[in-house]
Amino acid sequence: MSFQIFWEKLDRKVVLSVQAQLNSFFASLEPRPSFLGEISVEQLDFGSVPPQFEIIDLTEPFPEFYLATEDDVVSNAPRPLSPDTQRSYFGSQADTAYQTPVLPGELAVERGEDDMQLVAKVEYCGDMSLILRTELQLNYPASQFASLPVTLHITRIEFSATAVIAYLPGRINLCFLEPEPPHTSLLRSFAIRTEVGDAHQHVLKNVEKLELFITEQLRQAIDDDFVFPSYHSFEAF
């Protein structure tokens, strides 16, 4: 079963959220090549072409989706209960009471009668684009002795995966399953156009070693952050 995706509803808020996640990933890269400065996503455009989406199964949600994550622990840190909640807990209003925080691996979401999970095939070959910025650092005769600005234009992105979307009480969880052999990454291919230097002066293009590193890191960012047991959770209203 396939259906229409309203791709144009991915607004500025969604763009900034995805951009922030990518920037967080690049900021935490260790080790980073000594010749390369910090990497940032300067621009993200989802384009106008949506992915192809075909439902292949309806199942019970994965048990792991009901367990507490590190984000649940942060959001459920000990905090005072309201007076009404205190009365329901203790029968009468006592001194300030605190809600017990949930711990990683503990049950964070109760199962509901309407819980369900979609398993779908996702194929993308559209006009999404990314612009990354970094710098090449020259570390001789001293560390960071000189640097050259680098701009990477990423286009022609091709993506294929099996998506899992779970509908739970108050939240929606999203992840992808491991890619099927012989593929090793969800991100099948993309094109990179690299410019090194000031655009108003002499520019070097197609720096192979830098492009290879960015290619590997983009694939790692998607595979590490979205492939089950990793997943993203969104509030459902």
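The values are calculated or read from the model by the stated rules, or taken from the named source; none is laboratory data. Please read all numbers here as calculations on a predicted model, not as lab measurements. Note: ideal-geometry Cβ built from the backbone for every residue, glycine included; neighbour counts use all protein chains shown. Heads up: the accessible areas ignore ligands, DNA and RNA and are worked out on the full protein's heavy atoms, side chains in. Shrake-Rupley method; radii C 1.70, N 1.55, O 1.52, S 1.80 Å.
Within region 120-129, if we keep just the residues that are open to solvent by 20 Å² or more (accessible area, probe 1.4 Å) and assigned to a strand (DSSP E or B), the residue that is farthest from Ser185 (Cα to Cα) turns out to be Ser129. Of all residues in region 27-56, those satisfying the criterion of being aliphatic (A, V, I, L, M) and either assigned to a loop (DSSP other than H, G, I, E, B) or modelled with pLDDT of 85 or more (or both) are Ala27, Leu29, Ile39, Val41, Leu44, Val49, Ile55, Ile56.
Of note, Tyr98 satisfies the criterion of being modelled with pLDDT under 80, touching a Lys or Arg at 6+ places or on another chain (Cβ under 9 Å) and surrounded by fewer than 16 Cβ atoms within 10 Å (Cβ to Cβ). Looking across region 211-237 at every residue that is open to solvent by 30 Å² or more (accessible area, probe 1.4 Å) and in contact with a Pro (Cβ under 9 Å, 6 or more places away or on another chain), the one that is modelled with the lowest pLDDT is identified as Ala236. Just one of the listed residues (Pro51, Pro63, Pro31) is within 27 Å of Tyr167 (Cα to Cα) and free of Cβ contacts under 8 Å to residues at least 24 places away in the same chain, and it is Pro63. The set of residues in region 107-119 that are outside any loop (DSSP other than H, G, I, E, B), loosely packed, with under 15 Cβ neighbours inside 10 Å and out of contact with any helix residue (DSSP H, G or I) (no Cβ under 9 Å at 6 or more places or on another chain) contains only Met116. Phe159 passes every criterion in (1) at pLDDT below 90; (2) in contact with a Leu (Cβ under 8 Å, 6 or more places away or on another chain); (3) open to solvent by less than 60 Å² (accessible area, probe 1.4 Å) apart from (1). Given the conditions (1) in contact with a Pro (Cβ under 6 Å, 6 or more places away or on another chain); (2) within 30 Å of Leu67 (Cβ to Cβ); (3) open to solvent by 30 Å² or more (accessible area, probe 1.4 Å), report the number of the one that Glu135 does not fulfil. All conditions pass for Glu135, except number (2).
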